[in-house]
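These notes are about the structure you will find just below.
The values are calculated or read from the model by the stated rules, or taken from the named source; none is laboratory data. Owing to the predicted nature of the structure, the values given are computational and were not obtained by experimental measurement. We place every Cβ from the backbone using ideal geometry, glycine too, and count neighbours over all the protein chains shown.
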Amino acid sequence: MSASILQGLGLCAVGIWLFIESLSIRSLGYDALDAPFFPKLSAVLLIIFGAAVALSAALKKETKPQKEKSRRSYAKITLYMCMLVAYAVAVKSLGFVLTTIFFIIVSYLMMVKERSLKEIIYSIAFACATTFAFWYIFEKGLKVILP
């Protein structure tokens, strides 16, 4: 059994668990889309996409052995996980806007193959635009206070 099949089945299992947990959310009846709607929707989507991943991996005919992961890719994954922890810690003291902009810039520059001045400028513009969009949606639109 390949790793993709196991990942798909794992997504299905998480989706089923989320759906069962979402059944315990109280329905208040104040809105057309009640409180349990989005958790149930996301659980169903997880089940559907998990089944699609597992099915496509099962039907895929690949005889080549998979390449072994290089140390560099494991180092990048470890660095990214450490960055996520640092982001979660720093967002409380430095605030959402500054830490998110920095996190997106560094994440983007980790993913690009060659770091040119154009890519750095693009990452700064992308980070500022997406952070402002999220801040505006949550603070102004949804009235949720961000750290």
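Do we have Tyr80 as part of a helix (DSSP H, G or I), modelled with pLDDT of 90 or more, of a type outside the set (A, V, I, L, M, F, W, C) and within 30 Å of Phe102 (Cβ to Cβ) here? Give the steps one after another, and end with the answer.
Details: part of a helix (DSSP H, G or I): yes; modelled with pLDDT of 90 or more: no; of a type outside the set (A, V, I, L, M, F, W, C): yes; within 30 Å of Phe102 (Cβ to Cβ): yes.
So Tyr80 does not fit the description; no.
Residues Ala88, Ala57, Ala125: which one is free of Cβ contacts under 8 Å to residues at least 60 places away in the same chain, within 19 Å of the chain's Cα centre (by Cα) and surrounded by 10 or more Cβ atoms within 10 Å (Cβ to Cβ)?
Being free of Cβ contacts under 8 Å to residues at least 60 places away in the same chain, within 19 Å of the chain's Cα centre (by Cα) and surrounded by 10 or more Cβ atoms within 10 Å (Cβ to Cβ) holds for just one of Ala88, Ala57, Ala125, which is Ala88.
Is it the case, given these coordinates, that Ile104 is in a helix (DSSP H, G or I) and either surrounded by 15 or more Cβ atoms within 10 Å (Cβ to Cβ) or among the acidic types (Asp, Glu) (or both)?
Working: in a helix (DSSP H, G or I): yes; either surrounded by 15 or more Cβ atoms within 10 Å (Cβ to Cβ) or among the acidic types (Asp, Glu) (or both): yes.
The answer is yes for Ile104.
Considering (1) in contact with a Phe, Trp or Tyr (Cβ under 8 Å, 6 or more places away or on another chain); (2) outside the structural domain of Phe132 (by TED's automatic domain parsing), the lone condition that Ile104 does not fulfil carries the number (2). For Gly29, the criteria (1) under 20 Å from the mean Cα position of the chain (by Cα); (2) exposed (fewer than 12 other Cβ atoms within 10 Å of the Cβ); (3) not aromatic (Phe, Trp, Tyr) hold in every case but one, which is (1).
Contact map, region 131-147: residues that are touching a residue at least 40 places away in the same chain (Cβ under 8 Å) paired with residues that are among the aliphatic types (A, V, I, L, M) and surrounded by 10 or more Cβ atoms within 10 Å (Cβ to Cβ), Cβ distance under 9 Å, separation 6+ or inter-chain. Pairs shown: Leu146/Val91; Leu146/Val97; Pro147/Val91; Pro147/Leu94.
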